[in-house]
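The values are calculated or read from the model by the stated rules, or taken from the named source; none is laboratory data. Bear in mind the structure is a predicted one, so any value in this text is a computation, not a measurement. Cβ coordinates were reconstructed from backbone atoms using ideal geometry, including for glycine residues, and neighbour counts include every protein chain displayed. Side chains included, ligands, DNA and RNA excluded: accessible areas come from the protein's heavy atoms. Shrake-Rupley method; radii C 1.70, N 1.55, O 1.52, S 1.80 Å.
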Amino acid sequence: RLSLVGSEMCIRDRRDLVLTEEMQTENNIPSRILLGTAGRGGLSFSDEITEDPFLGDTEIWRLVNLTGDAHPIHLHMVHFQVLDRTYIDADSLMLAQKEYQDGDRATPPDPMEFATRDPEPANGWEAGWKDTVSASPWMVTRVVANFDLPGLYVWHCHILEHEDNEMMRPFLVRTE
């Protein structure tokens with residue numbers, strides 16, 4: 001069986017992607033649930049594409065869930081393997097992210113600097129190729145993916161109310 005895990009494939013890039021919420025100040029409930037990057041935070045579907053691997057690239061995507069809910073994250077036209085999950089101090093990471101966005105920090109925060117435990121390996125039932133993974137609350141879920149089909153696709157939360165509420169982003173598998 002072909003496996004990306006433990007293989008000699010060259011990992012070209014790593015992406016730190018966040019799952020986040022914008023809260024209503026008057027009643028502290030989410031007004032928008034978003035996907036984005038560790039540096040920029042939550043982004044709308046119409047914001048510029050930030051995930052743009054080249055055709056044939058193998059990347060590790062670190063899905064950083066800064067919400068209190070699990071989200072089934074689906075990548076269209078991409079198969080991946082789940083590597084592990086790590087608990088993080090989400091509040092401290094969000095503060096560092098805001099410092100970066102405000103210009104008070106020189107580089108985007110590395111989510112693993114906020115780890116509170118050692119990584120937990122993927123569950124046994126997660127072995128093999130996947131197109132959807134459960135991103136657990138306050139954890140970094142790492143997946144390794146090979147982008148073998150060129151084109152414009154989306155990645156999103158598979159909860160209908162979430163994907164309809166901006167928890168969906170485009171990604172482009174580039175040929176040049």
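Some observations on this one:
- Additional length obtainable on full extension of the chain from H158 to L55, 0.36 nm per residue less Cα span: 34.6 nm
- Only helices enter the 222 nm calculation for the chain: every DSSP H run of n ≥ 4 contributes -39,500 (n - 2.57), and dividing by all residues gives -2500 deg cm²/dmol, rounded to 500.
- Volume per residue of the convex hull around the Cα atoms, evaluated for the stretch 15-77, comes out as 106 Å³.
- Nearest 10 degrees, 0 to 90: helix 90-101 Cα axis against the chain principal axis: 90 degrees
- The chain, accessible surface, carbon-and-sulfur percent (1.4 angstrom probe): 50 percent
- Förster radius 22 Å - calculated FRET efficiency between N123 and N165, Cβ distance, rounded to 0.05: 0.20
- Convex hull volume per residue, computed on the Cα atoms of the chain, equals 132 Å³.
- For the stretch 81-176, the alpha-carbon radius of gyration amounts to 1.27 times the rule-of-thumb value 2.2 N^0.38 Å expected for a compact globular protein.
- The residues of the chain have, on average, 51 Å² of accessible surface per residue, using a 1.4 Å probe with all protein chains present.
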